[in-house]
Amino acid sequence: MPKYTRIRPGHLLCEHWFEEAALRTHADAYVQYLIDRGYARETVECYFRCVAHFIHWMAQRGINLCDVSKSTIVQFLERHLPHCQCASRCRHTSADVRAGLKHFFAMLDGAQPEHLTLIVLTPIATELAEFKRHLAEVRGLSDSTCTVRVRQVHEFLVDRFGAGPVQISRLTPDDIVRFVMRRTNGLAPATIKGIGISLRSYLLFESSRGTPTETLIAALPRVAQWRLSGLPEVLSSVEVRQLLKAFDRSSATGMRDYAMTRCLLDLGLRRAEVARLSLDDIDWRDGTLTIHGKGKRIDIVPLPKLTGNAISEYLQYGRPNTARREVFVRHRPPLDAAANLDIVRNAVRYAAARCGLQQRVRGTHIFRHTMACRMAQGGVPFKEIGDLLRHRSLDTTTIYAKVNLPALRRVALPWPGKRS
């Protein structure tokens, strides 16, 4: 019997489950796999019992481990687990089972197998997988863009079909309008436009597979949005100092979050660019940083001293021991993984909440605006600002002319008439 099954025998399901051949072969390796990724003892036991339950269920039905498919897992989670009477202690949530199986099959394959891409339990999973493949391979969109569009289409499909089969032929223009109006209530025009683009991409994808979607596409509401009509939100110098003081730079996580924020603030990086930053992108001798931006664009920019110091401090004193090449990595299980977009965003959100700026800082783009406006007000030419922000067109940069108050005062005409 694997040594891990004796850690808390009073809490095991049925000890003979752990003698199933498939689990007995991989038990110790699976436990070590979880431990290496920093999971707590209780979590390791929970995931281990979930996998034992699944393999016991497979053995009863004569299913071999090599024959496991998405439908096998769906059958276990949707049909067996809610009504399970195998043992009194096997009533784990489907979330626990999904997580346990995901790690188990990732260990077996050396990477997460395609048919377990987080084991989404409805027919929507297959639909989204094909849509994402279309966006990446046919449309050539970036990973971050694919993720956003798939997430928004997922919301629509769940809203309309739930756990049932996806039948686009059943949709009507009213379904499209109702979802968009309800989902976008109170959102900014740019966000509403983005959701419409995602739905239009999906409907065009369905059209390419022979499903008539012309009337559905025509039903997508048009969003009135004028370029350069608004002012970019920026942080004042006082607010910037207030935010930077909110990081606990004596802790490893605080060092990481502070360094990521300096990248956002000093270089105007997008959060995907921060998450993607690699050790190989930093040239300490020349003081430059290679940025992998939107549209697979690559730029080399100067590395400011304060930013370099923050990254250096994190690398020396805060970054966990890992073979990963990404600069910023996870500090909580699963360890040995890169920091993702949510980690970058939450770093600034949590800091803003600690210093009372949560109403001002809801995302990371405000740092990009702040840096650009600070440069514009300092007299930096728009061409240089656009180059640093890596804008494709100088027209995109001209919005910052509207917040260059010193320059506007010099060209403003006097108010006609006398002041009262």
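Is it fair to say Phe131 is surrounded by 14 or more Cβ atoms within 10 Å (Cβ to Cβ), modelled with pLDDT under 90 and either in the same structural domain as Leu341 (by TED's automatic domain parsing) or not in a loop (DSSP other than H, G, I, E, B) (or both)? So Phe131 does not fit the description; no.
The residues listed here are Arg276, Arg345; of these, the one that is modelled with pLDDT of 90 or more and touching a strand residue (DSSP E or B) at 6+ places or on another chain (Cβ under 8 Å) is Arg276.
When residues of segment 334-380 are filtered for being over 30 Å from Gly100 (Cα atoms), in the same structural domain as Arg270 (by TED's automatic domain parsing) and assigned to a loop (DSSP other than H, G, I, E, B), how many remain? Of the residues in segment 334-380, 10 are over 30 Å from Gly100 (Cα atoms), in the same structural domain as Arg270 (by TED's automatic domain parsing) and assigned to a loop (DSSP other than H, G, I, E, B).
In the set (1) in contact (Cβ under 8 Å) with a residue 40 or more places away in the chain; (2) at positive phi; (3) in contact with a strand residue (DSSP E or B) (Cβ under 8 Å, 6 or more places away or on another chain), Lys296 fails one condition alone, (3).
Considering (1) in a loop (DSSP other than H, G, I, E, B); (2) within 30 Å of Met181 (Cα to Cα); (3) within 26 Å of the chain's Cα centre (by Cα), say which one Thr211 fails and leave the rest. (3) is the only condition that Thr211 fails. When Ser71, Ser88 are screened for being modelled with pLDDT under 80, hydroxyl-bearing (Ser, Thr, Tyr), assigned to a helix (DSSP H, G or I) and more than 20 Å from Arg332 (Cβ to Cβ), only Ser71 passes. The residues in segment 351-397 that are among the small types (Gly, Ala, Ser) and at positive phi can be counted, and the count is 2.
Of everything in segment 315-333, what is of a type in the set (Phe, Trp, Tyr) and either within 17 Å of Arg345 (Cβ to Cβ) or assigned to a loop (DSSP other than H, G, I, E, B) (or both)? Give them in sequence order. The one that is of a type in the set (Phe, Trp, Tyr) and either within 17 Å of Arg345 (Cβ to Cβ) or assigned to a loop (DSSP other than H, G, I, E, B) (or both): Phe328. Here Arg392 meets the list (1) at pLDDT below 75; (2) under 22 Å from Thr261 (Cα atoms); (3) in a loop (DSSP other than H, G, I, E, B); (4) not β-branched (Val, Ile, Thr) almost entirely, failing just condition (2). Selection of segment 273-288 for residues being surrounded by 20 or more Cβ atoms within 10 Å (Cβ to Cβ) and either touching a residue at least 60 places away in the same chain (Cβ under 8 Å) or closer than 10 Å to Val327 by Cβ (or both) yields Val274, Ala275, Arg276, Leu277.
The values are calculated or read from the model by the stated rules, or taken from the named source; none is laboratory data. Just so it is clear, the model here is predicted, and its values are computed rather than measured. So basically every Cβ, Gly included, is an ideal-geometry build from the backbone, and we count neighbours across all protein chains shown.
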